[in-house]
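As structure tokens, the structure follows; a few thoughts come after it.
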Amino acid sequence: MFSPEELRIPVHGDVRRDADVELLQRFAASVQERSRRMAGFPVNLEFDYGPLAPFLSMHLNNAGSPEQESEYGLDTKPFEQAVTAFFVELSGGSPDTVFGHLAHGGTEANLFAVYVARERYPDGVLFASREAHYSVPKIAKLLRMPHVAVDVDEHGVMDLDALGREIGGRGEPAIVVATVGTTGRGAVDDIPGIRRAASDAGVDEVFVHSDAAFGGPLAEFGQPRRPWSFPDGADSVSISGHKIIGSPLPSSVILVREVDADAIRRPGVAVGSDDDTIGGSRDALSPLLLWYALRELGRDGLAGRVRRCLEVTGHAVRRLAEAGLNPTRFPGGNVVLFDRPGDEVMSAWHLLDVDGRAHLSVMPHVTTDLVDQLCAEVTGRRT
Ligand SMILES: *Cc1c(COP(=O)(O)O)cnc(C)c1O
């Protein structure tokens, strides 16, 4: 919508504040218009952080450990701790034995989890399903770890027989990334089953990371509840802030065992605080955003939001079936795949293409009306 010329930063600063504010307003209006039909990406758009606007005029920085003030002194670490404590409780962890912080997004959260796992098991092999997030092979490369992509069953869930064979065949410690809600199909890997498969294969040194970026709250509050958290056998858990909760910035909470964090912590080197995160300077705005959203919602509000998403997903499956579009859904999930419409509809609705099918993600801003409108546009343009 803008040419590079229009956006180019001049050599000599040019005071055209009014024109630039007007340009940004046009951009905002266009993003708002295009967001109206957002049905493909697993991000919630139902939020308003207007009251937090004053924080755009200050620099807060959560450099270093979430649990200690740095020399910089202006931070939102108490809010970060409150948000982390909420997720520790949600994922059944004990505040005394779980260490957490906010990371920039699901990728950094996965990197931190696999990093502490690799420190615990330096010869560990990284296992994840073929449908795990694309950050996993990248992390294996960054950490120079052997990586095995494990086959999935017909629903997109990690195949436990295949996993057992791979683990047994290697005989090395196993670091397994279990995906709780795959980006493609919303499939949930079976964490207790992963532990059994490893132990049946004769390997006791096992670290399981639950990548619940997208599906943690769905697994916890869906019917039936699905195993995904610490009591279910996870050693670490990550949940995104910009997905089911919703935020203008990407963020993710990462929770690991305190003993694993102790092993990577370097005391005092991060502007006067311990260094036990990947980032140095860390985003201090996301803790405020998430704290504000979660204070409004509470645990019950989050549960209600998940239930509404699942109801709307049921509606979407019925409507798409009536329209003859062959919807499929991972049981209890909020992702629906259906016959791919033309490019114009795919792009207007921001739909992803998953193996030649269209991918609808029913996030909190997706209402039954929006689903009906999508169905009308898909069928209208097909005939
Ligand atoms: C979204 C997602 C991630 C990565 O999150 P980013 O914030 O995009 O880095 C990781 N895993 C799963 C399962 C996801 O859905």
What is the distance in Å between the Cα centres of the stretch 113-191 and the stretch 1-42? 40 Å
Net charge, Leu294 excluded, C-beta distance under 13 Å - Lys, Arg +1, Asp, Glu -1: -1
Rounded, prolate or oblate: which fits the stretch 55-295, taking a ≥ b ≥ c as square roots of the Cα gyration tensor eigenvalues, rounded meaning a/c under 1.5, else prolate when a/b beats b/c? prolate
In deg cm²/dmol, rounded to 500, what helix-only [θ] at 222 nm does the chain give when every DSSP H run of at least 4 residues adds -39500 (n - 2.57) and the total is split over its residues? -12500 deg cm²/dmol
Place the peptides 230-242, 152-164, 74-86 in order of packing, highest mean first, counting for every residue the other Cβ atoms within 10 Å and averaging per peptide. 230-242, 74-86, 152-164
So for the pair Ser57, Glu22, with labels modelled 7 Å out along Cα→Cβ, what separation do we get in nm? 2.4 nm
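Computed from the coordinates by the stated procedures, all read-outs in this text should not be read as laboratory data. Since the structure is predicted, the reported quantities are computational estimates derived from the model, not experimental observations. FYI the Cβ positions are ideal-geometry reconstructions off the backbone, even for glycines, and counts take in every protein chain you see.
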